[in-house]
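Read the figures in this text as sums done on the coordinates, not as results from a lab. All values reported here derive from a predicted model rather than from experimental measurement. Counting neighbours? That spans all protein chains shown, and the Cβs are built from the backbone with ideal geometry, glycine included.
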Ligand SMILES: Nc1ncnc2c1ncn2[C@@H]1O[C@H](COP(=O)(O)OP(=O)(O)OP(=O)(O)O)[C@@H](O)[C@H]1O
Ligand SMILES: [Mg+2]
């Protein structure tokens, strides 16, 4: 039974195919290049590959190549010798050595500068690395997984990414489709995130209203799985004490979509428009009633009466 934090949802045909390929890649011990838009689950899949590989008991080390300046990235990955540069006061092993026996996951590989690209190629060819400022190589046994949300082939064509390294990294290419192209995954993912959030906040299981189900399925999810995860966490917290998660618990982008879809059917009554607006402002004010009343230009008592009529519990 996999740990819940490691759960990987793949219900849609495209994701099941991707997962089958990932499982085969896991045992093959080759490099894998994972591509996909931001938030599609590239790191999640990299961890999955590591867990299914013979290296699973050894470290999984993740580095974001876009988050560090060139000189720092180089010494972070390959380590340095004392005195190699100002501030290098001691010998230090790099992440290649730290990941020895295990898996090194390089995220945003397209951001790796040329100096790092050369050293990566060497590490792959020679199975050894040289610390910055050192004269000898150190043998390393590391499996390299990489990911990018950029078009690496285009970076190769424009000369900013080495072609030889590209082919070395992409022995098995895995493409993660955006969430809008695999809508069958939306609700299973939502259920996973609800169960997790409810457990973390020790609240009872939260159900979804049918309007919420429709809204989740219709929304285009530009931020992919990460956006869905954040929306659900927020909704579970806002819905605390209610039996169901309602539309008003969803972020405004989702509610606007749902409202547009609903308006297309029939016009809203004035009372319903007011109810939606009041709840929207309440949610924007993060449940703060004094702020909500001020924003609406009404007294707190009036707001209290309205919320009571809408069935909103007193303490959120
Ligand atoms: N198929 C999935 N099943 C369960 N959880 C998932 C799945 N895909 C993504 N997640 C979760 O969604 C969040 C975003 O995933 P992840 O960090 O792997 O995306 P990413 O593609 O690496 O994003 P970025 O491009 O921003 O680095 C994580 O919390 C991850 O656990
Ligand atoms: Mg990532």
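Quick notes
- Simple spin-label estimate for residue 286 and residue 141 in nanometres, 7 Å along Cα-Cβ: 5.0 nm
- If the chain linking residue 57 and residue 134 were pulled fully straight, counting 0.36 nm for each residue of separation and taking away their Cα-Cα distance, it would gain 24.7 nm.
- Look at 184, 29 and count the other Cβ atoms within 10 Å of each Cβ; fewest to most, that gives 29, 184.
- Highest mean packing first, where packing is the average number of other Cβ atoms within 10 Å per residue, the peptides 120-129, 220-229 line up as 220-229, 120-129.
- With each label modelled as a point 7 angstrom along the Cα→C-beta vector, the residue 164-residue 308 pair spans 7.8 nm.
- Taking 198, 217, 285 in turn, the Gaussian network model of the chain (Cα-Cα springs below 10 Å) assigns the largest fluctuation to 285.
- Pairwise FRET efficiency - residue 157 versus residue 11, Cβ, R0 = 41 Å, nearest 0.05: 0.70
- In plain terms, the chain from residue 200 to residue 270 could stretch by 21.3 nm, reckoned as 0.36 nm per residue minus the Cα-Cα distance.
- With each label modelled as a point 7 angstrom along the Cα→C-beta vector, the residue 93-residue 70 pair spans 2.9 nm.
- Computed extension gain for residue 19 through residue 125, at 0.36 nm per residue and net of the alpha carbon distance, reaches 35.4 nm.
- Dividing the summed -39500 (n - 2.57) terms of all DSSP H runs of n ≥ 4 by the residue count of the chain sets its mean residue ellipticity at 222 nm at -14500 deg cm²/dmol.
- When peptides 73-83, 238-248 are ranked by their average number of other Cβ atoms within 10 Å per residue, the highest-first order is 73-83, 238-248.
- By average C-beta atoms within 10 angstrom, highest first, the peptides 287-295, 41-49, 133-141: 41-49, 287-295, 133-141
- Note on residue 301/residue 277: beta-carbon distance plugged into 1/(1 + (r/R0)^6) with R0 of 22 Å gives a FRET efficiency of 0.75.
- Put in line by how crowded their Cβ is, counting other Cβ atoms within 10 Å and starting with the fewest, 280, 151, 107 read 151, 280, 107.
- Between segment 7-40 and segment 66-86, the alpha-carbon center distance in angstrom: 31 Å
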